[in-house]
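Asker: Take this structure first; my questions come after.
Just so you know, all these numbers are worked out from the coordinates, no wet-lab data involved. Source: prediction; values computed, not measured. FYI the Cβ positions are ideal-geometry reconstructions off the backbone, even for glycines, and counts take in every protein chain you see.
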């Protein structure tokens, strides 16, 4: 049974499942950020856990391929980054990493809006932008939060 599962879990299938699998979580954060369903699925360990399982599976494949140290080449320069991303397994593990962190940030924005009573219509663009360009979305939200709450806090 495990062998059958491993034949189905190709890198392409993991990529497609992860990409499409995060969409419902993002839709919940955008459409119903304060709903109990969103709290259960998006503000809990469920989404990171699912992405972590895929991450560990791909990391296991990297170890079995003997490419465990190749991922550290990204620190050698921009040219080395191209080499790292030319390896399908390393590219996928970095993509899973990106999906997990972006979803975590989007979830944090939704919770923080609730905490500081930032109106939903202001948070929606931030969550959407975070989905596509994480750092830009979080900075946009941070500026909206500063303007809306009239305070700056660097330690949250």
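Asker: How would 115, 150, 120 line up from fewest to most surrounding beta-carbon atoms within 10 angstrom?
Answerer: On the way: 115 11, 150 7, 120 15.
If I rank by nearby Cβ atoms, fewest first, I get 150, 115, 120.
Asker: By how many degrees, 0 to 90 and rounded to 10, does the Cα axis of helix 88-115 deviate from the longest principal axis of the chain?
Answerer: So the inclination is approximately 20 degrees.
Asker: Which whole-number percent gives the relative contact order of the stretch 14-148, counting Cα pairs below 8 Å spaced six or more residues apart?
Answerer: Working: 112 pairs, mean separation 34.9, N = 135.
Value for the stretch 14-148: 26 percent.
Asker: Just to be sure I understand the model, the point goes 7 Å from the Cα along the line to the Cβ. What's the resulting residue 150 to residue 17 distance in nm?
Answerer: In this crude label model, residue 150 to residue 17 measures out at 5.1 nm.
Asker: In vacuum, with every alpha carbon of the stretch 14-148 counted as one equal point scatterer, what does the Debye formula give for log10 I(q)/I(0) at q = 0.09, 0.18, 0.19 Å⁻¹? Two decimals, please.
Answerer: For the requested q values the scattering log ratios are -0.32, -0.96, -1.01.
Asker: Taking other Cβ within 10 Å of each residue's Cβ, how do 30, 14, 63, 109 sort, fewest first?
Answerer: Working: 30 18, 14 22, 63 11, 109 26.
Ranking 30, 14, 63, 109 by Cβ neighbours within 10 Å, fewest first, gives 63, 30, 14, 109.
Asker: So, one more: So if R0 is 25 Å, what FRET efficiency would residue 8 and residue 53 give, r being the distance between their Cβ atoms, rounded to the nearest 0.05? Display every interim value, and only then the final one.
Answerer: Working: r = 14 Å, r/R0 = 0.57.
Efficiency at R0 = 25 Å is approximately 0.95.
Asker: Expressed as a whole number of Å, what is the distance separating the alpha-carbon centroids of the stretch 31-63 and the stretch 84-156?
Answerer: Using only Cα atoms, the two centres lie 16 Å from each other.
Asker: Need the full-extension length gain, residue 91 to residue 46, defined as separation in residues times 0.36 nm minus the C-alpha distance. One decimal, nm. Mind showing how you got there, number by number?
Answerer: Values: separation 45, 0.36 × 45 = 16.20 nm, distance 2.34 nm.
Roughly 13.9 nm would be gained on extension.
Asker: Okay, helix-only estimate at 222 nm for the chain: each DSSP H run of n ≥ 4 adds -39500 (n - 2.57), divide by all residues, round to 500 deg cm²/dmol; what do you get?
Answerer: It lands at -25000 deg cm²/dmol.
Asker: Under the definition of Cα pairs under 8 Å and six or more residues apart, what whole-number percent is the relative contact order of the stretch 69-155? Show your work: numbers first, answer last.
Answerer: Values: 55 pairs, mean separation 16.5, N = 87.
For the stretch 69-155, the relative contact order is 19 percent.
Asker: Please rank 60, 111, fewest neighbouring Cβ atoms within 10 Å first, as an exposure proxy.
Answerer: Placing the least packed residue first, the sequence is 60, 111.
Asker: Let me ask another. What is the calculated FRET efficiency for residue 78 to residue 98, with r their C-beta to C-beta distance and R₀ = 30 Å, to the nearest 0.05? It would help to have the intermediate numbers written out before the result.
Answerer: Details: r = 18 Å, r/R0 = 0.60.
Efficiency computed from Cβ-Cβ geometry: 0.95.
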